[in-house]
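The next block holds one structure in the form of structure tokens; read it before the comments.
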Amino acid sequence: MIVRSPHRFAAVVATAVAVLLGAAPLRAFGQEPGPINPPTQVTQPATAPSGTSVSSVVHPGDTLAISVFEHPDLTQNAVVQADGTIQYPLVGRVLVGGMSVADARDSLTSALKKYLKHPNVSLSMVPQCTISVMVLGNVKAPGKYQVRSGARVADAISAAAGVATTGEYPMARVSQIDGSLTPVNLQKLFHDGDATQNIELEDNAIVYVVGGETIRVQVLGAVSRPGNVEINKGDHLSMAVARAGAEAASRPDLSRVFVTRKDPATGVTTSYTVNLNKALEQGDERNDPVLAKDDKVFVPEARGLSPLSIGLLGLLGRFLGF
């Protein structure tokens, strides 16, 4: 079962939000503006692809509670094997993997009709332990998800509604709780069926899918590597600031980060004040927007620092390979 969970970013390296801040009054870039009210409307990413919800699909490792009316000897739990089948009395192996719970019930019912006149089958998924995973980058609905214990990379990407770009699948990186980083070739996994790429995820793992296109933004101010920064399309403000080096020595004020964008179609420029501390430490989705090509980011110098945010951005930079 896969559901969204509350954001608890202090337990993970970074944030993921497919939310773009709305319009704001124009201000001179780098100027000390007053607070800009956050947008009153945001677009929430879809939690699953259209059609059958992710939570109702039977996966290998799931446990199914099965009973047949007036046949107590057929009441039992069955574990879905790696090939998507279950072993059940009378009928032997029955394929249920990838089906909805209702379709799995119908599949078993059809198999039992060879042995029982009118089998009345009840089938449900037994609740399992869940883990939290963060899915970032080039996916349709980035965010933090609860997935079943033992879930793998493909499950996490499915929870995030799949890869956002078309064509050849991109690379991905997986960070486990011990800090280890593992590259995953999604082309081999999804196109070639290479199961070795479908690594198992631990609690609080992070899956970052590399964007299909590189864009350039500018990060200036209290960062150790100011100037042009290359990020992937779909990346967030936190990733650009991490790439520019938000280190304690540069004393960045992450509570007042200014983002300026020029609309290429209209030429209209808008500027926003973003409290990146709230995104990193409290999970405030509006404060880690997706950046667009040629965005400008200004980080002022701080009188006091937030060690937690600085540490998280440092870990994020390492995770992204910057």
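The values are calculated or read from the model by the stated rules, or taken from the named source; none is laboratory data. Nothing here was measured: the structure is a model prediction, and the numbers come from that model. Every residue, glycine among them, receives a Cβ derived from its backbone with ideal geometry; neighbour counts consider all protein chains shown.
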*Select from segment 159-184 the residues that are farther than 19 Å from residue 235 by Cα and touching a strand residue (DSSP E or B) at 6+ places or on another chain (Cβ under 9 Å) and write down the one among them that is surrounded by the fewest Cβ atoms within 10 Å (Cβ to Cβ).*
180
_Quick check on this structure: which one of 117, 140 is basic (Lys, Arg), at pLDDT below 85 and out of contact with any Cys (no Cβ under 6 Å at 6 or more places or on another chain)?_
140
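Does residue 258 meet the test of being buried (at least 21 other Cβ atoms within 10 Å of the Cβ) and either out of contact with any Cys (no Cβ under 8 Å at 6 or more places or on another chain) or not hydroxyl-bearing (Ser, Thr, Tyr) (or both)?
Values: buried (at least 21 other Cβ atoms within 10 Å of the Cβ): yes; either out of contact with any Cys (no Cβ under 8 Å at 6 or more places or on another chain) or not hydroxyl-bearing (Ser, Thr, Tyr) (or both): yes.
So residue 258 fits the description; yes.
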_Could you check segment 60-83 and list, in sequence order, the residues that are assigned to a loop (DSSP other than H, G, I, E, B) and over 30 Å from the mean Cα position of the chain (by Cα)?_
69, 70
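Any chance you could count how many residues in segment 147-162 are modelled with pLDDT of 85 or more and outside any loop (DSSP other than H, G, I, E, B)?
Step one: list which residues in segment 147-162 are modelled with pLDDT of 85 or more, which gives 147, 151-162.
Those left that are additionally outside any loop (DSSP other than H, G, I, E, B): 147, 152-159.
Summing the residues that are modelled with pLDDT of 85 or more and outside any loop (DSSP other than H, G, I, E, B) in segment 147-162 gives 9.
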*Within segment 240-252, work out how many residues are crowded, with 20+ Cβ neighbours inside 10 Å and not aliphatic (A, V, I, L, M).*
3
_On the basis of being hydrophobic (A, V, I, L, M, F, W, C), within 19 Å of residue 137 (Cα to Cα), buried (at least 18 other Cβ atoms within 10 Å of the Cβ) and not assigned by TED's automatic domain parsing to the domain that holds residue 146, does residue 222 make the cut?_
no
*Check segment 84-91 and report whether any residue there is modelled with pLDDT under 90 and not acidic (Asp, Glu).*
yes
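Residues of segment 84-98 being assigned to a loop (DSSP other than H, G, I, E, B) and over 26 Å from the mean Cα position of the chain (by Cα), which ones?
Of the residues in segment 84-98, the ones assigned to a loop (DSSP other than H, G, I, E, B) are 84, 89-91, 96-98.
Within segment 84-98, 89, 90, 91, 96 qualify.
Does residue 111 count as under 30 Å from residue 232 (Cα atoms) and either of a type in the set (D, E, K, R) or assigned to a helix (DSSP H, G or I) (or both)?
Details: under 30 Å from residue 232 (Cα atoms): no; either of a type in the set (D, E, K, R) or assigned to a helix (DSSP H, G or I) (or both): yes.
No.
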_Those residues of segment 164-209 which are in a strand (DSSP E or B) and either in contact with a Lys or Arg (Cβ under 9 Å, 6 or more places away or on another chain) or under 24 Å from residue 129 (Cβ atoms) (or both), in sequence order_ = 174, 175, 181, 182, 183, 184, 200, 205, 206, 207, 208, 209
_Within segment 119-132, does at least one residue satisfy the condition of being more than 25 Å from residue 82 (Cβ to Cβ), of a type outside the set (Gly, Ala, Ser) and in a strand (DSSP E or B)?_
no
